[in-house]
Structure formats: C-alpha cells, structure tokens
C-alpha cells in the first residue's frame with residue numbers, strides 16, 4: 001500500500017528529478033513556487049508524461065518507462081483537487097459530484113452521492129451552480145467530486161491558497177478528517193509553512209527541481225539538511241502563534 | 001406578394017438552413033481539432049478553410065465548379081455513378097452558402113473552444129472521462145456562446161450569399177433564384193417596385209433573426 005514516485009522530466013529548460021515513497025499517509029510537498037512540486041503532481045496524475053522513471057500505487061505500475069507503461073489519467077483513479085478547484089461552472093453541485101462517480105455501479109451511485117453530501121456538509125446545495133456557493137463550499141464540492149469514486153490516491157495542488165485565513169484553518173482540519181476517513185496516500189502541494197509544519201505525516205522539501213529533504217516535520221524543521229531548507233523553515237518560530245488557533249497535533 | 005417572390009423567400013430560407021446545419025456539424029468538429037490538437041498540416045488546414053472568407057466569392061465559386069462541375073474532379077465521379085450533377089440545382093446554392101459561411105463558424109468556435117480553462121479539461125480526465133466525453137460534456141457546453149454566435153453569423157452569411165451561388169447554381173427563375181439573385185435580376189430589368197419589396201423583406205428577415213438570436217442567447221446564458 002502506498003505511492004512510489006521515481007521520475008525525471010525536462011520541460012522548457014527546467015529539470016525535475018523526483019524520487020520518494022510514501023504509505024497510506026498525508027505527505028506534503030513543500031517548497032518555493034517553481035521548485036517542481038505542482039509539476040510532480042501533474043506527472044503522477046498522468047496529465048504530463050515523465051521522460052523516464054516509475055510511478056506505482058498500491059503495487060500497481062501506472063508509469064514505467066522501462067516497460068513502456070503509461071496509463072492515461074482517465075484510467076488512474078487518482079483524485080485531483082486543482083488550485084482553482086476546476087469545478088464545472090455549467091453543472092450543479094450534484095452534477096459536478098456525480099461527474100466524478102464514473103465507473104461507480106448504478107445501484108450504489110446515489111447512495112455514494114448522498115454519503116458525500118452528508119460527510120461534506122453540502123445539504124441544500126445540490127441544485128446550486130458553483131458560482132452560487134461560498135468559497136468553503138466550493139472546496140468541499142471539489143473534494144467530494146475527487147473522492148466520490150474512492151480513488152486510490154488523492155492529489156491536492158495548493159487547494160487552500162486562495163482562501164482567507166479563518167476558512168483556510170477550517171479546511172486544514174477538514175483535510176485531516178478526510179485523510180483519516182479515506183485510508184489512501186494523500187499528497188498535498190503547498191508553499192505555506194504552516195501547512196508544511198502542522199499537517200503532514202511526511203514532509204518532502206523541494207528546491208530547484210530536486211527533493212532536498214524528507215522526514216517528519218519536526219525532523220525537517222529542527223535539523224534542516226541544506227541552506228535551502230533552512231531558509232524555507234526560517235519562519236518556524238511562528239509555531240507558537242499558530243498552534244492554539246489551529247489546534248492540530250502539536251509536537 | 002406574388003408567387004416568384006414567395007418562391008425566392010422560401011428557397012433562401014431552405015438554402016440557408018441546410019447550409020447552416022452542415023456548417024455547424026463540420027465547423028464545430030474542425031474548430032475542435034484546430035483548437036485542441038497538434039498535427040501535421042494543421043496550419044494548412046486552417047488556411048484552406050479560411051480562404052473563402054477573404055477570396056472574392058466568384059473565385060470560391062470557380063473552385064467549386066472545378067471540383068463539383070460535371071467535369072470536375074469530384075463532380076465527374078458523381079456524374080458517372082448517378083448521371084446527376086449538382087450544378088444549377090438548389091443543392092449547389094446550399095453548397096456555395098456552406099463553403100462561404102464555414103470559416104465564420106470555424107473562427108468563432110475555435111476561439112471559444114481555445115478559451116475553455118485547461119484545468120477543467122484536465123479535471124475531467126482525472127475524473128475518468130475520455131476525450132470524447134470531455135468534449136461533449138465540458139468543452140462544447142462551455143463554448144456554446146461562441147458556437148451559437150458562429151451559427152448566427154453563418155446563417156446570415158448563407159442567407160446573403162450571392163457570388164459563389166451565381167457561379168455554380170446560376171440564376172434560374174423558379175429554380176435557383178434565391179433572394180439576393182432575384183433582387184439582382186429585378187434591379188437589372190428595371191422592376192424597382194418588386195426589387196425594393198424584396199430588399200425590405202430580406203432586411204427585415206435578417207434584422208428579426210439577429211434580434212431573436214440576441215434574445216435567445218441572453219436567455220440561455
């Protein structure tokens with residue numbers, strides 16, 4: 001069980017070498033913009049093709065340049081939440097979520113849908129369009145849509161970056177609940193130091209297209225291996241301020 | 001209103017409707033390919049389909065004769081197989097309208113399809129939907145404003161088509177004289193009363209149609 005990524009990609013002069021392995025846990029890919037985090041996520045999802053390497057989830061190879069395996073994104077069953085959420089503006093909340101239920105057997109579809117409405121607190125919004133609901137509700141719809149078919153992996157590309165602070169705090173707690181409810185590898189991309197510090201089981205730090213450090217947040221924050229990591233975590237003294245307000249797993 | 005005027009009105013509508021239906025079918029498909037795909041000869045294809053927009057309609061008509069005339073490279077085979085030629089029939093008028101209206105459809109639809117957010121398309125893929133499903137359920141619905149605008153422009157262009165139609169359908173009274181052609185004949189023979197009547201009708205029809213299209217596009221979106 002878990003997700004293994006060992007890939008290389010060159011695009012527009014930028015070189016990405018990404019190699020790590022996680023179990024059914026929450027991993028945060030942390031680094032400055034342009035460090036290769038989002039690119040890694042797109043490569044995992046199959047939206048772009050690595051030049052070489054291997055991607056496996058739960059023991060199954062989704063990409064393997066050596067064996068010429070490249071499963072298209074349609075057949076990966078990887079839930080993906082985009083930075084701008086990418087809700088379909090012409091579909092209601094209900095249709096957005098059901099659009100994600102492709103391949104779910106007809107007789108359990110509606111049951112699964114009701115379950116999503118229940119656990120993501122979307123009652124009464126089923127027939128509204130994305131433009132008619134709040135930012136937090138949109139987030140929850142995007143999560144429900146990505147999770148309704150019970151994907152093998154959940155990929156999150158800075159989904160909270162556009163939210164104002166109180167809502168972001170709420171959504172972080174919500175994501176930890178999702179991580180608990182769905183026992184799958186969850187990969188969260190962020191450049192937010194608070195998220196990097198408080199959320200993950202495993203923190204993977206990116207700089208200039210390379211993984212520069214991997215470990216638990218205390219390991220990384222207390223003993224940064226390189227200058228780049230040190231700079232990234234310099235703001236760690238904030239933890240005294242952030243913990244009481246967030247209330248997430250202090251360590 | 002006399003029988004020949006009525007005939008021209010009916011024929012014009014018939015030609016424009018048939019041409020627009022085929023313009024929508026082919027235009028949207030070509031626009032999708034040009035907007036979303038990269039393939040060898042893409043730019044050449046774009047130029048080919050856009051040419052009728054800038055060529056004089058008589059030149060477009062000339063090419064249609066070369067292609068579909070009884071000795072044309074396509075028309076010859078049709079004639080050999082069936083003994084029938086499209087020349088000087090109302091089908092030819094529809095073909096001429098189709099060819100000159102097609103670039104308007106392709107240009108506006110392509111722009112609309114290209115402006116659909118790529119994340120929405122990627123989202124559809126990660127949710128397990130094939131490219132065809134994504135095109136039908138996401139890309140085209142989000143491009144419908146541009147597609148409808150293209151259809152309206154194409155219909156208006158088809159209704160007013162003159163030059164290419166004259167070349168391959170001729171101006172045969174009671175057979176291929178659409179309103180623009182009938183107006184040309186009437187004015188040429190000095191029948192100003194009938195000509196002006198038809199001019200007013202054509203203008204009103206075009207105006208009414210645009211008004212209806214505007215209203216329905218407001219209601220739809």
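Read the figures in this text as sums done on the coordinates, not as results from a lab. Please read all numbers here as calculations on a predicted model, not as lab measurements. Note: ideal-geometry Cβ built from the backbone for every residue, glycine included; neighbour counts use all protein chains shown.
Miscellaneous remarks
- Of all residues in the range B:28-42, exactly one satisfies the criterion of being under 18 Å from the mean Cα position of the chain (by Cα) and free of Cβ contacts under 8 Å to residues at least 12 places away in the same chain, namely B:29.
- Those helices (runs of 4 or more DSSP H) of the range B:101-178 in which 1 or more residues are surrounded by fewer than 23 Cβ atoms within 10 Å (Cβ to Cβ) and more than 10 Å from every other protein chain (Cβ to nearest Cβ) occupy B:131-134, B:144-159, B:163-169.
- Some residue of the range B:160-174 being free of Cβ contacts under 8 Å to residues at least 40 places away in the same chain and within 24 Å of residue B:66 (Cβ to Cβ): yes
- Condition check for residue B:53: away from chain A (no Cβ under 14 Å), in a helix (DSSP H, G or I) and crowded, with 17+ Cβ neighbours inside 10 Å: no
- The strands (runs of 3 or more DSSP E) found entirely in the range A:1-102 that carry 3 or more residues being touching a strand residue (DSSP E or B) at 6+ places or on another chain (Cβ under 8 Å) and within 14 Å of chain B (Cβ to nearest Cβ) are A:78-81.
- Residue within the range A:103-116 that is assigned to a loop (DSSP other than H, G, I, E, B) and over 15 Å from residue B:128 (Cβ atoms) present: no
- Residue count for the range A:45-86 satisfying the condition of being under 17 Å from residue B:131 (Cβ atoms) and surrounded by fewer than 17 Cβ atoms within 10 Å (Cβ to Cβ): 6.
- Put simply, of A:71, A:7 the only residue that is over 19 Å from the mean Cα position of the chain (by Cα) and over 27 Å from residue A:177 (Cβ atoms) is A:71.
- Spans of helices (runs of 4 or more DSSP H) in the range A:119-233 with at least 3 residues within 30 Å of residue A:92 (Cβ to Cβ): A:135-147, A:165-181
- Which listed residue, of B:25, B:45, is surrounded by fewer than 18 Cβ atoms within 10 Å (Cβ to Cβ), over 24 Å from residue B:169 (Cβ atoms) and without any contact (Cβ under 8 Å) to a residue 24 or more places away in the chain: B:45
- Residues located in the range B:179-209, provided they are loosely packed, with under 15 Cβ neighbours inside 10 Å and in contact (Cβ under 8 Å) with a residue 24 or more places away in the chain: B:206
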